[in-house]
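Asker: The structure that follows is given in the form of structure tokens.
The values are calculated or read from the model by the stated rules, or taken from the named source; none is laboratory data. These numbers come from a predicted model, not from an experiment. Neighbour counts run over all protein chains shown; Cβ positions are idealised from the backbone, glycine included.
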Amino acid sequence: MYCIKCGNKTKKTIPTGDNVFREICSACEYIHYVNPNIIVGALPVHSGSILLCKRDIEPGFGKWTLPSGFMEMGESLEDGAKREAHEEANLELNIKYLFTTYSLPRIGQVYMLYLSEIVNDDYAAMHETSEVKLFSKSQIPWDDIAFSAVTFALQNYIADSKNGISGKCHSNY
């Protein structure tokens, strides 16, 4: 690996005062931290139905998911969720509240999904999506959901709806 600051080679060692191996530049001593990725997205609803996107890219090609993706530098969680919903399904959203946090330490990802109301009616499949569709709670294609974080969010949304719960944030830990 090469240093992003000065271009010299790095070496893997434990920095003073730390307990984890990290890549450290042999010239400028810059420490290269590798941190988890944040995935932001929405659980978009309209009249009790949930909008899902059929993925047109890997991972999960051909499977259904919630509009979500990697957070970009310089944006808030909410702005990232809105951007991803627009990029994947041409959605305009009214974000209600943070609905789900879901940690996947094995692959270094943290999901942050917002319960959101769909504002527009011209939603459509965009470049990473082959189809968008509103599903009633009883019609969700459980066997074709792309990611465990999405299944977790959908299951909790249905349970909350059934039990009259609103405003609760769910976590898998």
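Asker: Please count how many residues of the stretch 1-42 are surrounded by 15 or more Cβ atoms within 10 Å (Cβ to Cβ), touching a Ser or Thr at 6+ places or on another chain (Cβ under 6 Å) and of a type in the set (D, E, K, R).
Answerer: Matching residues across the stretch 1-42 total 1.
Asker: Restricting the search to the stretch 93-114, which residues are surrounded by fewer than 17 Cβ atoms within 10 Å (Cβ to Cβ) and either of a type in the set (Gly, Ala, Ser) or more than 20 Å from ASN172 (Cβ to Cβ) (or both)?
Answerer: Scanning the stretch 93-114 gives ASN94, LYS96, SER103, GLY108.
Asker: Consider LEU115 carefully, then state whether it is among the aliphatic types (A, V, I, L, M), closer than 17 Å to MET71 by Cβ and in contact with a helix residue (DSSP H, G or I) (Cβ under 8 Å, 6 or more places away or on another chain).
Answerer: Criteria not met by LEU115.
Asker: If you don't mind, there's one more thing I want to ask. In this structure, does GLN139 turn out to be out of contact with any Ser or Thr (no Cβ under 6 Å at 6 or more places or on another chain), assigned by TED's automatic domain parsing to the domain that holds GLY69, more than 18 Å from SER68 (Cα to Cα) and at pLDDT 95 or above?
Answerer: Considered against the rule, which asks whether it is out of contact with any Ser or Thr (no Cβ under 6 Å at 6 or more places or on another chain), assigned by TED's automatic domain parsing to the domain that holds GLY69, more than 18 Å from SER68 (Cα to Cα) and at pLDDT 95 or above, GLN139 comes out as yes.
Asker: If you scan the stretch 145-167, which residues turn out to be in contact (Cβ under 8 Å) with a residue 12 or more places away in the chain and either surrounded by fewer than 13 Cβ atoms within 10 Å (Cβ to Cβ) or over 21 Å from the mean Cα position of the chain (by Cα) (or both)?
Answerer: SER148, SER161, GLY167, listed by residue number.
Asker: List every residue pair whose Cβ atoms sit under 8 Å apart, with the two residues 6 or more apart in sequence or on different chains, where the first one lies in the stretch 38-50 and is closer than 27 Å to GLY108 by Cα and the second, anywhere, is basic (Lys, Arg) and crowded, with 16+ Cβ neighbours inside 10 Å.
Answerer: Sorted first by the residue in the stretch 38-50, then by its partner, the pairs are ALA42/LYS82.
Asker: In addition: Just checking, how many residues over the stretch 69-83 are surrounded by fewer than 17 Cβ atoms within 10 Å (Cβ to Cβ), within 14 Å of the chain's Cα centre (by Cα), assigned to a loop (DSSP other than H, G, I, E, B) and of a type outside the set (D, E, K, R)?
Answerer: Residues that pass the stated criteria total 1.
Asker: Keeping to the stretch 26-45, report how many residues are within 21 Å of the chain's Cα centre (by Cα) and in a strand (DSSP E or B).
Answerer: Residues meeting the conditions: 9.
Asker: May I ask you to list the residues in the stretch 46-68 that are surrounded by fewer than 19 Cβ atoms within 10 Å (Cβ to Cβ) and in a strand (DSSP E or B)?
Answerer: Within the stretch 46-68, HIS46, SER49 meet the criteria.
Asker: Looking at the stretch 4-25, which of its residues are under 17 Å from GLY108 (Cβ atoms) and part of a loop (DSSP other than H, G, I, E, B)?
Answerer: Matches in the stretch 4-25: VAL20, PHE21.
Asker: Across the stretch 84-98, what is the number of residues that are under 9 Å from GLU117 (Cα atoms) and either assigned to a helix (DSSP H, G or I) or β-branched (Val, Ile, Thr) (or both)?
Answerer: 1
Asker: Go through the stretch 122-144 and give me each residue that's out of contact with any strand residue (DSSP E or B) (no Cβ under 8 Å at 6 or more places or on another chain) and either touching a residue at least 60 places away in the same chain (Cβ under 8 Å) or assigned to a strand (DSSP E or B) (or both).
Answerer: Scanning the stretch 122-144 gives a single hit, HIS127.
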